[in-house]
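Structure record follows, encoded as structure tokens.
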Amino acid sequence: MPEGIDNLEQPSSLDAGQKNDIRRIVNQWEDQDEGEQEEVVRKLRQMGDSSAEELMVLLKQAYRERKKWMRRVLILAGLYGLLVLLTLLLAIFRIPGHKPIFQVLKYIQWILIPGLCGYLPLVFSRVSSRHNAAVQLLSRLDDVRAVGPLLQIWKQMDWTYFPQRKLAEEPLIRLLPRLRADDASLMDDAQRRCLYYVLLRTNSPELDLALLKALEQVGNRRALPYVRKLAAGRGRCTDSLVREAANECLPYLIERMEEQRQGQTLLRPGSQGAADDALLRPTSQVVAVDQNGLLRPTECSDTPE
């Protein structure tokens, strides 16, 4: 699991009733019209920051559940492929006594087909919708902690998991420019890789400009090659404003890379050979001391001369 999703869980100060309300909101989000969604967002804002914290807990749970169902679908697909292969081998080589086995395999395939094509994808779709609803609600609350999950959703949509890319694009364009340098920890390595993927794959100038604005604050040395490609016009979006913004972003990344390099140099331990020799150690020899050379108190007269 990406660390960014795992780090989203925060302690919540909401009571059990409010938590159940938020869970119900997430489950019903996609079935509501725009007016109902606005009312829901207004209600969540009245709850304060705790509503965003609970949404992040639900986001973590939905992500785990989606990963679990994805594994189940893949396992069943692999089993189905194996059964098809065995059926073909029995039909080709006609192994003695193959007919009963052949019939059994055919029946098993007919049992697996409804599961693969019906129930499991439906459950996976519902789990994904809860995940997407939690991210959308976070973005509607203008919480910058939603940036990392939104980038992951954009990449998944580019793999045709989801029908509308604007589900993630519009909140990303709004939230990315709000990132500051101390928000760098909000994205883990996996989410940063999604950021670089979106940077070169999107054909939206507005999204590329927002990404570059964010990289000026939270970018590091790993972002350099991607921004250089974009500045050279090697991304999907070749707008002149995007290339200009990429060139303006490069000095920020180079400066931050130098700062990180200098910090590592200052923290690097030096050679210990000379330092070890200079450390004080107890001597094993007895040194004779002249007693007459020691300091002694002198008598002082009470009356000044």
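Can you tell me which of Leu200, Leu211 is crowded, with 17+ Cβ neighbours inside 10 Å and part of a helix (DSSP H, G or I)?
Leu211 is the lone residue from the list that is crowded, with 17+ Cβ neighbours inside 10 Å and part of a helix (DSSP H, G or I).
Could you give me the residue pairs with C-beta distances under 6 Å whose first residue belongs to the stretch 238-263 and is within 20 Å of Arg180 (Cα to Cα) and among the small types (Gly, Ala, Ser), whose second residue is surrounded by 16 or more Cβ atoms within 10 Å (Cβ to Cβ) and modelled with pLDDT under 90 wherever it lies, and which are 6+ apart or on separate chains?
Nothing qualifies.
How do the pairs read when you match residues in the stretch 181-201 that are without any contact (Cβ under 8 Å) to a residue 40 or more places away in the chain with residues anywhere that are of a type in the set (Phe, Trp, Tyr), using Cβ under 7 Å and keeping only pairs 6 or more apart or on different chains?
Close Cβ pairs (under 7 Å, with a partner that is of a type in the set (Phe, Trp, Tyr)) amount to Tyr196/Tyr226; Leu199/Tyr226; Leu200/Tyr226.
Test of understanding: among Ala16, Ala77, Ala62, which residue is within 23 Å of Val147 (Cβ to Cβ) and either small (Gly, Ala, Ser) or at pLDDT 85 or above (or both)?
Residue meeting the stated conditions: Ala62.
Is it true that Gln46 is of a type in the set (S, T, N, Q) and more than 24 Å from Val147 (Cα to Cα)?
Answer is no for this residue.
Thr238 passes all but one of (1) under 22 Å from the mean Cα position of the chain (by Cα); (2) modelled with pLDDT under 90; (3) not acidic (Asp, Glu); which number fails?
(1)
Which of the residues belonging to the stretch 127-185 are modelled with pLDDT of 80 or more and not in a helix (DSSP H, G or I)?
Leu141, Asp142, Asp143, Leu179, Arg180, listed by residue number.
The values are calculated or read from the model by the stated rules, or taken from the named source; none is laboratory data. Remember, predicted model here, so these are calculated numbers, not experimental data. Please note: Cβ atoms are built from the backbone with ideal geometry, for glycine as well, and neighbour counts cover all protein chains shown.
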